[in-house]
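First the structure, in the form of structure tokens, and then the observations on it.
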Amino acid sequence: MSGPTHHSAGIITRGFAAGIDLLVALAMMGFIYVGVLLATLLFSPQEFSAPAIHALHSVTTFHAVAVLYLTACWALSGRTVGAVTMGLRVVSRNGELIGWLRAFLRAVLCVMLWFGLLWAAVDRRRRSVQDILLRTAVVYDWEPDLHLGEAVPGK
């Protein structure tokens, strides 16, 4: 096999990447809010007032934005902004991209059961609950492109 062997990422690196992704999702929420404000102002300037922010609506929108963001990133490249920053990639156990369905399921699990990431701190193969359930791995990978078929720990 050519190229470096990928090593499983630890809890600290994964935690920092998740924190960066949280900030990205919150920024996306801010852009959505500003977009709603501008659209409201554009289509009814005389009746404009800043829309009230409702907690349930905001939480629901945040979850949807976060799931869509994570799904698209993991399905297309295996990397989110946080993962690129920290040199990580989400792959299947055979080292390939995880595909749209598994990316979606992983995103839902990561957003709804975020504390499942903590299991990576005690698992000897550094797997989160999401990794165990969906047979994925988060590995160190600083290369811009995925090298399909490279060794993934615990394969």
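What follows is calculated from the coordinates using simple rules that are stated; it is not laboratory data. Here the structure is a predicted model, which is why all the values come from computation and not from measurement.
Tabulated data for the structure shown
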item: Nearest-ten-degree value, helix 55-76 long axis tilted from longest Cα axis of the chain; result: 40
item: Mean shadow area of the chain over all directions, Cα convex hull, nm²; result: 10.1
item: Stretch gain in nm, segment residue 124-residue 48, where the contour uses 0.36 nm per residue and the Cα spacing is subtracted; result: 21.7 nm
item: Relative contact order (%) - region 61-133, alpha-carbon pairs under 8 angstrom, separation at least six; result: 27
item: Sequence-separation-based contact order of the chain, relative, with Cα cut under 8 Å and 6+ spacing, percent; result: 35
item: GNM result for the chain, Cα springs below 10 Å: residue of 21, 145, 131 fluctuating most strongly; result: 145
item: Spherically averaged projected area in nm², based on the convex hull that wraps the Cα atoms of region 38-126; result: 8.4
